[in-house]
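Derivation of every value follows stated rules applied to the coordinates shown; laboratory data play no part. Everything quoted here is computed from the prediction, not taken from an experiment. Please note: Cβ atoms are built from the backbone with ideal geometry, for glycine as well, and neighbour counts cover all protein chains shown.
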Amino acid sequence: MGHPLTLQDFLTWGIAKFPARKYMIVLSNHGGSWFGESHAVPNELWYEGDKAMCYDGGDALNMYELQAVYRDIKAMVGEKLDVIWYQGCLMGGAEVAAISQDYFDYMVSHETVRFGSENNGKFPALVQTLTGNPSAAAAATKCVDGPTAPNTKYSATYELSKYGALEKSLSSFVHQ
């Protein structure tokens, strides 16, 4: 899973085989941080200095690789996809929103360390929660508030159209 073509091939196949009006991508695996965070698998968190996701014991998808896949998938679909859910540790930062904003309307992510056991039974519950054709905002919110929610309170839904205002505020803060 750590190679971008694996993700791109899967998404291309899935979209071609099961065309839809709405799309949600869920990346579920270890997430990482810019810094060497204390974690159950510390060697996986520091990946060539880049924040990354979906470690496979020697490789991972860094933000630039994810962005390249997202760019191609958006071109294939012809518009932004609805929701990206980073189902992994430490993926709730502004830098993740920065690479996701042009390709998705909403982002769901976790701001702290999560544990694999938090995923038990979550995905069947997610599918049930998404019946009835909810909007992208409702689907993303259900990932945080519904039966799919992690045991910790550190996950959130982000409306990515508002990222520009956040970036402007961060830039102002840094340059004061």
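Taking R0 as 45 Å, what's the FRET efficiency between Thr6 and Lys168 from their Cβ-Cβ distance, rounded to 0.05? Don't skip to the end; give the middle numbers.
On the way: r = 35 Å, r/R0 = 0.79.
Efficiency computed from Cβ-Cβ geometry: 0.80.
Which order, highest average first, do 2-11, 162-171, 98-107 follow once you tally other Cβ atoms within 10 Å for each residue and take the mean per peptide? Working shown, then result.
Values: 2-11: 16.1, 162-171: 11.9, 98-107: 21.6.
Ranking, from highest mean packing down: 98-107, 2-11, 162-171.
Quick one: which residues, 5 or more positions from Gly2 or on another chain, have an amide H under 5 Å from its amide H? H modelled 1.01 Å from N in the peptide plane, none for Pro or chain starts.
Placed amide hydrogens put Asp56 under 5 Å from Gly2.
Give a quick list of trypsin sites (Lys or Arg not before Pro) in region 2-31 that DSSP marks as loop, anything other than H, G, I, E or B, with at most 14 other Cβ atoms within 10 Å. Working shown, then result.
Values: sites: Lys17, Arg21, Lys22; in loops: Arg21, Lys22.
For trypsin sites (Lys or Arg not before Pro) across region 2-31 that sit outside H, G, I, E and B with at most 14 neighbouring Cβ atoms in 10 Å, the list reads Arg21, Lys22.
Which far-off residues, 5 or more places away or on another chain, put their amide H under 5 Å from the one on Asp102, with H placed in the peptide plane?
For Asp102, no residues qualify.
Please list, in order along region 11-21, the HN-Hα scalar couplings obtained from phi with the Karplus expression 6.51 cos²θ - 1.76 cosθ + 1.60 (θ = phi - 60°), rounded to whole Hz, x for Gly and Pro.
So the Karplus estimates, Gly and Pro as x, are 5, 4, 4, x, 6, 5, 6, 10, x, 8, 8 Hz.
In a shell of Cβ-Cβ distance under 13 Å around Lys74, excluding Lys74 itself, what net charge do Lys and Arg (+1) and Asp and Glu (-1) give?
Values: positive: Arg71, Lys80; negative: Asp72, Glu79, Asp82, Asp102, Asp105.
Net charge around Lys74: -3.
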